[in-house]
Structure formats: C-alpha cells, structure tokens
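**Q** My questions will all concern the structure given below.
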Amino acid sequence: MQNFEAYLKAHIPKAPSFHPTFDEALGAMLLAGGKRFRPQLLLAVVDAYKPLLKESAYPVALAIEMLHTYSLVHDDLPVMDDADLRRGEPTLHKRYDEVTAVLVGDALNTHAFYLIADAPLHSDVKVALTKELSYNGGVGGMVLGQAIDCHFEGRKLSSEQVDFLHEYKTGRLIAASLKMGGIIAGLDERRLKRLYDFGLDLGLLFQIQDDIIDATSSSADAGKTTGNDEDKNSYINHFGIDGSIERADRLAKKIEIQMEEFDEPLRMKLEPILKRYLNRHKKA
C-alpha cells in the first residue's frame, strides 16, 4: 500500500483562497492516517485479476477513502458523537470549528465523485462505479445507517434491527469497495454479487470488533474517542463483551470458509489484509 499512500498524499484536494484554514483543513484528516481498509480491499481485487489496471484504480480507491473520511468528520460533530479525537489527532471541529468541519466533510464527499469521473477508466465502468459508491454511501447504505443510529439512540432495537443498522452504516461501504474492485476488473454479475455478500459479512465483523475496541480500549490506544457508545445500539450494549466476541468468532469462521472458496489469486491478495481481523478473540 506504499504506492497508494504516496498517491493519496500527492492528490490531497486543494482549494487555495484567502480563507485562512480551509485548504489546510481539507487534507488534515486524510493525512492523519487510518487503516485504508476500504481502498486496500478494492485494490486487492483489481490486483488479483487485472494487475495492469491497479494504478488506474488509485483514483477510485482514493474516492472511497475520501467518502469514508467525510463520514468520520461528520460523525464526530457535536450534533452526532461530539468526539474530540480521531486518527490520533483532534477532530476537525475541535481543531478548527464546526462550520469548517461540516464543509470539509461536504467537500470530501463531492470530490470523491470528481475523482471517479476523472479516473483513466472506460466511461461505462465509471458510471457503474459512481452508481455503486453513491448508493452504498448514501440512501442505500451509510447515510441511512447513520440516520437510524442517531434516531434510535437511547432506545433499544431488536437483534435483527441492530444487524440492519450496522450492515447499512458500516457493512455496505465495505461490500461496495470489494464490488467496485470487481467492476474495474470486469468480473461477471455472479462474482460481483459474491464479493458484495462477502463484504457484508466482513463489514459486520469489522463493526463488532470496533465496538469491542470502544468498550475495552482507551482513547489514546484507539486513536479516537472511546466510551461514547453508552446510549447507542452497539453490539456490546446488546450482547455484552463475551457475547460480542462469540458473534465475532462465528463471523470470522464464516468468512474464512468463504475465502477458501475464492480462487487462488483473490485469496492470496485478501489474506494478508484480513489476517488481523480473522484472528480468534480472547475474552476480556
């Protein structure tokens, strides 16, 4: 991922003007780091099937990272989680102000689609990628999940509703990352659906692990504000730590079985990325 990280740093959006901080704020949270999990998934699929297109896919991978980062900036706002720390740095509304944070999030969201439109890929591919990201990042995924999360804060949902919430808020963008890699690689609809369904399971595992971190780690260790989920429909609040660990282990086993059914090129590219998420969890 070193090449992608260099690409990201070279393509931080710029908006030079007489505004004293906006241009700096645009890149602050992207440059603060992050796991780059979603870009890694997209690039792994492309690399497995069409390695010559990997560099051409960098703008799309960066688009996903920008959309994800905008969601974090907005998620941290006082009107939502009111968090002080993200990626080991002060959140944007703390470092600058709320208006700047809102507008930086808006800018990263819209610039993601500029990157896809400007990518060196066939126009039909770019249309398909735009549809996938806009739907799974919007009303068909992340935004709807966030709306449910905020609306039902302090009110306990059913187990099925908790899975629905987190599938939309977290899982669908992860699933879309895999599928978008498949679109760039020219995979057929059957294999695209298989990647997407795999991504939904992976997204739920990712979320359960994130909830466990929130409940068991300090803000300094996690690099973000923790302990903010007391009133939320987190897995910890529904199933406890032990129950959440058991759910995570079941999902990890299911994902391992699915990966065994993938062809060797894809499995070889995904295994190094997913290894840390598939390790069995120790009970607290």
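**Q** Touching a residue at least 24 places away in the same chain (Cβ under 8 Å), out of contact with any Leu (no Cβ under 8 Å at 6 or more places or on another chain) and of a type in the set (Phe, Trp, Tyr): which single residue out of Tyr96, Tyr70 fits that description?
**A** Details: Tyr70 fails: out of contact with any Leu (no Cβ under 8 Å at 6 or more places or on another chain).
None of the others qualify; the one that does is Tyr96.
A quick yes/no check of all residues on (1) modelled with pLDDT of 95 or more; (2) under 15 Å from Leu67 (Cα atoms); (3) touching a helix residue (DSSP H, G or I) at 6+ places or on another chain (Cβ under 6 Å); (4) of a type outside the set (A, V, I, L, M, F, W, C):
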residue: Lys9; (1), (2), (3), (4): yes, no, no, yes
residue: Ile12; (1), (2), (3), (4): yes, yes, yes, no
residue: Asp23; (1), (2), (3), (4): yes, no, no, yes
residue: Ala28; (1), (2), (3), (4): yes, yes, no, no
residue: Lys35; (1), (2), (3), (4): no, yes, no, yes
residue: Ala48; (1), (2), (3), (4): yes, no, yes, no
residue: Pro51; (1), (2), (3), (4): yes, no, no, yes
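**Q** Right, something else. Of all residues in the stretch 10-47, which are under 26 Å from Val99 (Cβ atoms), in a helix (DSSP H, G or I) and not acidic (Asp, Glu)? Write out each step before concluding.
**A** As a first pass, look at the stretch 10-47 and keep what is under 26 Å from Val99 (Cβ atoms): 11-34.
Among the residues that remain, those that are also in a helix (DSSP H, G or I) are: 22-31.
Phe22, Ala25, Leu26, Gly27, Ala28, Met29, Leu30, Leu31, listed by residue number.
**Q** Regarding the stretch 126-137, can at least one residue be identified that is among the charged types (D, E, K, R) and more than 26 Å from Leu53 (Cβ to Cβ)? Step through it out loud before you land on a result.
**A** Going residue by residue through the stretch 126-137, those that are among the charged types (D, E, K, R) are 126, 131-132.
Going one step further and asking which of them are more than 26 Å from Leu53 (Cβ to Cβ), we end up with none.
Looking for residues that are among the charged types (D, E, K, R) and more than 26 Å from Leu53 (Cβ to Cβ), one finds none in the stretch 126-137, hence no.
**Q** Answer yes or no as to whether Leu266 is at pLDDT 95 or above, within 18 Å of Arg172 (Cβ to Cβ) and part of a helix (DSSP H, G or I).
**A** Numbers: at pLDDT 95 or above: yes; within 18 Å of Arg172 (Cβ to Cβ): no; part of a helix (DSSP H, G or I): yes.
So Leu266 does not fit the description; no.
**Q** Could you please let me know if Gly154 is in contact with a Leu (Cβ under 6 Å, 6 or more places away or on another chain) and touching a residue at least 24 places away in the same chain (Cβ under 8 Å)? Steps first, answer last, please.
**A** Values: in contact with a Leu (Cβ under 6 Å, 6 or more places away or on another chain): no; touching a residue at least 24 places away in the same chain (Cβ under 8 Å): yes.
For Gly154, the condition - in contact with a Leu (Cβ under 6 Å, 6 or more places away or on another chain) and touching a residue at least 24 places away in the same chain (Cβ under 8 Å) - is not met.
**Q** Do we have Arg190 as more than 20 Å from the chain's Cα centre (by Cα) and modelled with pLDDT of 95 or more here? Steps first, answer last, please.
**A** Numbers: more than 20 Å from the chain's Cα centre (by Cα): yes; modelled with pLDDT of 95 or more: yes.
Judged against the criteria, Arg190 is a match.
**Q** What is the one condition in (1) of a type outside the set (A, V, I, L, M); (2) part of a helix (DSSP H, G or I); (3) without any contact (Cβ under 8 Å) to a residue 12 or more places away in the chain that Glu132 does not satisfy?
**A** (3)
The values are calculated or read from the model by the stated rules, or taken from the named source; none is laboratory data. Bear in mind that the values here come from a model prediction, so they are computed numbers and not experimental data. Neighbour counts are summed over all protein chains in view; Cβ atoms, including those assigned to glycine, are modelled from backbone coordinates with ideal geometry.
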